[in-house]
Amino acid sequence: MIRFLKNYFTEVFQAVKSLFLGMKLTGYYFTHPKEIITQEYPENRLTLNLSERFRGEVVMTHDEQNEHACTGCSACELACPNGTIKIINKFEINAEGKKKKAIDAFVYHLELCTMCNLCIQACPTDAIKMAQTFEHSVFNRNMLTKQLNLAGSKLREGVE
Amino acid sequence: MIEEITTAKEGEMVINIGPQHPSTHGVLHLLITLDGETIKKLEPNLGYIHRSIEKMCESLSYRQFIYSTSRMDYLSAHINNHACAMAVEKAMEIEVPERAEYIRVILDELTRIASHQLWWGAMAMDLGALSPFFYAFREREVITDIMEETCGARLTMNYMVPGGVMTDIHPNFVKHVKDFIVQFKSKIDEYDTLVTDNIIFQNRMKNVGLLSAEDAISYGTSGPTARGSGVSCDIRKTHPYSLYSKLQFEEVIETGCDSFSRYLVRVKEMKQSVKIIEQLIDNIPEGDFVAKTKAVIKLPKGEFYSRAETARGELGVYIVSEGGTTPYRIKFRSPGFSNLSALNHMVKGYKIGDLVAIMGTLDLVIPDIDR
Amino acid sequence: MLSFENISHGLHNWLSAIMSETPVVLIELTLVALAAITLFAALGLILVYMERKVAAVIQIRKGPNRVGPMGIFQTAADTLKLVMKENFMPDSVDKFLYKLAPFVVMITAMLILAPMPFAQGFQIWNINIGVFYVTAISSISVIGVLMAGWASNNKYSLLGAMRSGAQIVSYELSAGFAILSIVALTGSLNLNDIILSQQDGWWIFKGHIPVWIAFVIFMIAVTAETNRAPFDMAEAESELTGGFHTEYGGMRFALFFLAEYINIFIVCGIGATLFFGGWMPFHIGHWEGFNHVMDYIPSSIWFFGKTFFLIFVIMWFRWTFPRLRIDQLLNLEWKYLLPISLFNLLLITVIAIKGWHF
Ligand code: SF4
Ligand code: SF4
């Protein structure tokens, strides 16, 4: 009987103690609002730090002369697992009167892209890269289909 | 099957748990037969999130198919990728550079910790304690930040390529991983105070959801679910891959066979993972991060299999190649599927509240089950 | 001094001066009803906001912070949303009971308010069996919950309602015993007498350890009785999705939701009255000077302060502990709380008879 009572009360005591320790921990957080880790998102847009490798969307780099490095080789189109990229080529007659392949439109379907980075790996001239943008929501799905080469841009000299 | 269940006996009641239910963590549908609150029978009903990843892989090249496996068990994306990359490397006999192996193992273990942390929070949430979820996410956030910095994505990284890793690690990688270890070690005690030692939690977990070692084997369970029943089945120990044969760590085995042992296995595994990372992080060798491979990978004709220990158990990748650039057939042996099959056996005779707790300790990720 | 007592007496005297007795009673009844409803609405808004903020800070979050400064209008906006929602009713419910249930729960909560002394001399109904009245009425709310669960024609709701029935009926016992121990010490069922008996110190300080035990048991039991986590069996959102109110939406759901918070307020008010002296300021024995200083703080502030502290404790429970299982819940009551509280009551009776308390 004595042993039973002793067990009974140690059990109760242990139980209460474990509960109390838990409450002490949550109480600690309640009394230390400094521990709050929330960031208020739309307000902190300016200070938001995304690492430079973050894969937000595929973009084509253009320099000041509005020139890019894409030769239209379609390697990225082949590397893409889900048909996100469509390369449309045209044939230009250059100064010597020869026909030369050049890119007409680099069509990129953002809604299909899984940001897997395979196209960027595949590109032999580093014409495309990942941008850190991530606010992609739009009201119309068509707006997600983008042309990555800017209007009037052309191939940079010396890129083969 | 369903007809059989709807003709429940007098006094029994059939309830649909899911596909929209807060504690099935996704679109799992369970048909349970109840007598009062006691569960008589449970029938998982799958297919709500089937995306036919295996079939899709048949039309993807060996570089491309890896990315889709991040979407299976999204919480162990790196480990899935690793297993696939290993299968291709085995077939092609590619020698993976030492540096790549180090990076891979560190990332694998970080993934495991992140996965277990999410499980820990979700498990406590299933039992009705909501605060631990946020504490777990605080530490997990550090890992996802590391992933974002080095791999470029937070969840579906696609960082492993056949022959190594996609890019070299970020210059800050080592420092941030060390910071994480320091933070993790200072907070892991809170996990125990808040949940493990809590008397209510222990009562909910102990002697509930019993799965004997024989049953664990016969249902084909693996990972922490089987190790909680005293079955040694850690692929990292039994069939060491990558660097694991050289590392010092323990395979966590608990012999309680109940929910609480499965819980303990996962909590202790986090500490073991930290131990592994500590051994590697300081001596990542210099060198290439990826082996030279041909632009178009063609696997020789034949069948190839590789296995890896994900956060949920054994993942097997089985590739049949006809010698072309795409696989003829790919089969994934996903751990969640087999673990779920043991659920009916485990919940019989327990209450609805226990069902939720037992399901929590199985750590189900539904896209892993359904693929 | 402007106090609730003076206001109410002044109003009564003024009304009696200008008209006969019957209209005075009618007008006063209407005023009381209006005041009670206003108090309910205000309490609901404040408590929901408080709960969300407490939860947020414990969970290292910020909590509501968009509507108004610090998000103080968040709950008002939520209520507006609930009011404007369609009053949807599933097809195969028992229509009468389904509509009645939220009101039963709500009206019960309102009724318990009657004998509550909010401030010195400010009470809706000074009934001489106040404690008994509270215990009796509070058990009616389970009928509303059962009604809701049954009428919804949903298995989750039914399970939730049955759980809640088993739970409330058993926890009523230990809550009752905890209340009885104070009754034994004061020898009165009147809430006012109980407060006055704490003039030289609150019972929690005067009554040694047994009163502490009674207080702890009281807190556990009322947490269970108000269906709060870790005893939220009836709702158990990770098991039964929403328990007895799964099928309710819009304003009907809001009534259940509101009633939960009102019930918390009431039980904490009772707890504060019994163990912490209600509106009685903090007095120590015969330290006249000290007691006098304490008297400068208005009695209503004392009452609300203590009540809100107890409410905070109950919220603290909720955001710390995992939920019990239904059979463990009943085990806890019948194997631990009930024997302990019976024994404790015995001790307290001995203390009361021998006059061992301060
Ligand atoms: S990131 Fe991947 S999915 Fe997106 S365009 Fe490049 S290859 Fe295609
Ligand atoms: S972006 Fe690169 S890979 Fe794609 S078409 Fe242009 S040059 Fe070729």
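The table below lists the values:
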{"quantity": "Helices (runs of 4 or more DSSP H) contained in region C:187-244 and holding at least 3 residues under 17 Å from the mean Cα position of the chain (by Cα)", "calculated": "C:208-225"}
{"quantity": "Search result, residues across region C:291-328 that are hydroxyl-bearing (Ser, Thr, Tyr) and more than 7 Å from every other protein chain (Cβ to nearest Cβ)", "calculated": "C:TYR296, C:SER299, C:SER300, C:THR307"}
{"quantity": "Looking only at region A:90-123, and only at residues there that are open to solvent by 40 Å² or more (accessible area, probe 1.4 Å) and within 15 Å of ligand 1 (Cβ to nearest atom), the one that is nearest to B:MET166 (Cα to Cα)", "calculated": "A:GLN121"}
{"quantity": "Residue in region C:182-192 that is buried (at least 24 other Cβ atoms within 10 Å of the Cβ) and touching a Pro at 6+ places or on another chain (Cβ under 7 Å) present", "calculated": "yes"}
{"quantity": "Failed item in (1) open to solvent by 50 Å² or more (accessible area, probe 1.4 Å); (2) under 22 Å from the mean Cα position of the chain (by Cα); (3) away from ligand 2 (no atom under 13 Å from the Cβ), with A:LEU78 passing the rest", "calculated": "(3)"}
{"quantity": "Residue count, region C:282-336 (criterion: over 30 Å from C:VAL48 (Cα atoms) and buried (at least 17 other Cβ atoms within 10 Å of the Cβ))", "calculated": "3"}
{"quantity": "Criterion violated by B:GLY209 - all others in (1) away from every other protein chain (no Cβ under 14 Å); (2) within 20 Å of B:ARG312 (Cβ to Cβ) satisfied", "calculated": "(1)"}
{"quantity": "Top-ranked residue of region A:127-144 - restricted to ones that are within 13 Å of chain B (Cβ to nearest Cβ) and either within 25 Å of A:LEU155 (Cα to Cα) or of a type in the set (D, E, K, R) (or both), ranked as nearest to ligand 1 (Cβ to nearest atom)", "calculated": "A:MET130"}
{"quantity": "Index of the failed condition, A:GLU92 passing every other in (1) more than 16 Å from ligand 2 (Cβ to nearest atom); (2) modelled with pLDDT under 80", "calculated": "(1)"}
{"quantity": "Within region B:110-155, considering residues that are away from every other protein chain (no Cβ under 12 Å) and polar (S, T, N, Q), the one farthest from the chain's Cα centre (by Cα)", "calculated": "B:GLN117"}
{"quantity": "Close pairs (9 angstrom Cβ cut-off, 6 or more residues apart or separate chains): free of Cβ contacts under 8 Å to residues at least 40 places away in the same chain in region A:57-76, more than 14 Å from ligand 1 (Cβ to nearest atom) and among the acidic types (Asp, Glu) anywhere", "calculated": "A:GLY72/A:ASP104"}
{"quantity": "Residue that is least open to solvent (accessible area, probe 1.4 Å) [pool: residues in region A:50-59 that are more than 10 Å from every other protein chain (Cβ to nearest Cβ) and more than 10 Å from ligand 2 (Cβ to nearest atom)]", "calculated": "A:GLU57"}
{"quantity": "Selection count where residues are outside any helix (DSSP H, G or I) and either surrounded by 14 or more Cβ atoms within 10 Å (Cβ to Cβ) or within 10 Å of chain B (Cβ to nearest Cβ) (or both), scope region A:8-43", "calculated": "3"}
{"quantity": "Residue ID - farthest from ligand 2 (Cβ to nearest atom), chosen from residues in region A:60-75 that are surrounded by fewer than 15 Cβ atoms within 10 Å (Cβ to Cβ) and of a type in the set (D, E, K, R)", "calculated": "A:GLU64"}
{"quantity": "Residue in region C:77-87 that is more than 18 Å from C:ARG252 (Cβ to Cβ), within 14 Å of chain B (Cβ to nearest Cβ) and without any contact (Cβ under 8 Å) to a residue 40 or more places away in the chain present", "calculated": "no"}
{"quantity": "Members of region A:129-160 found to be of a type in the set (D, E, K, R) and free of Cβ contacts under 8 Å to residues at least 24 places away in the same chain, listed by number", "calculated": "A:GLU135"}
{"quantity": "Within region B:168-186, considering residues that are within 13 Å of chain A (Cβ to nearest Cβ) and either out of contact with any Phe, Trp or Tyr (no Cβ under 7 Å at 6 or more places or on another chain) or among the small types (Gly, Ala, Ser) (or both), the one surrounded by the most Cβ atoms within 10 Å (Cβ to Cβ)", "calculated": "B:ILE169"}
{"quantity": "Subset of region A:129-139 [within 13 Å of ligand 2 (Cβ to nearest atom) and open to solvent by 40 Å² or more (accessible area, probe 1.4 Å)]", "calculated": "A:LYS129"}
{"quantity": "Single unsatisfied condition, A:CYS113 versus (1) in the same structural domain as A:SER137 (by TED's automatic domain parsing); (2) outside any loop (DSSP other than H, G, I, E, B); (3) not basic (Lys, Arg)", "calculated": "(2)"}
{"quantity": "Residue tally, condition within 16 Å of A:GLN121 (Cβ to Cβ), within 14 Å of chain B (Cβ to nearest Cβ) and either within 13 Å of ligand 1 (Cβ to nearest atom) or part of a helix (DSSP H, G or I) (or both), over region A:60-89", "calculated": "11"}
{"quantity": "Residue among B:VAL317, B:VAL347 that alone is within 14 Å of chain C (Cβ to nearest Cβ), of a type outside the set (Ser, Thr, Tyr) and touching a residue at least 24 places away in the same chain (Cβ under 8 Å)", "calculated": "B:VAL347"}
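Conditions (1) under 15 Å from A:ARG55 (Cβ atoms); (2) without any contact (Cβ under 8 Å) to a residue 12 or more places away in the chain; (3) near ligand 2 (Cβ under 10 Å from one of its atoms), marked per residue:
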position	(1), (2), (3)
A:GLU96	no, yes, no
A:LYS99	no, yes, no
A:HIS109	no, no, no
A:LEU118	yes, no, no
A:PRO124	no, no, yes
A:ALA127	no, no, yes
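Residue-wise test of (1) modelled with pLDDT of 85 or more; (2) open to solvent by less than 10 Å² (accessible area, probe 1.4 Å); (3) closer than 23 Å to B:VAL165 by Cα; (4) more than 17 Å from the chain's Cα centre (by Cα).
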| site | (1), (2), (3), (4) |
| --- | --- |
| B:VAL290 | no, no, yes, yes |
| B:PHE304 | yes, no, yes, yes |
| B:TYR328 | yes, no, no, yes |
| B:SER338 | yes, no, no, no |
| B:VAL347 | yes, yes, no, yes |
| B:LEU355 | yes, yes, no, yes |
| B:THR361 | yes, yes, no, no |
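The values are calculated or read from the model by the stated rules, or taken from the named source; none is laboratory data. Values in this document were obtained by computation on a predicted structure and should not be read as measured data. Cβ coordinates were reconstructed from backbone atoms using ideal geometry, including for glycine residues, and neighbour counts include every protein chain displayed. Heavy atoms of the whole protein, side chains included, go into the accessibility calculation; ligands, DNA and RNA do not. Shrake-Rupley method; radii C 1.70, N 1.55, O 1.52, S 1.80 Å.
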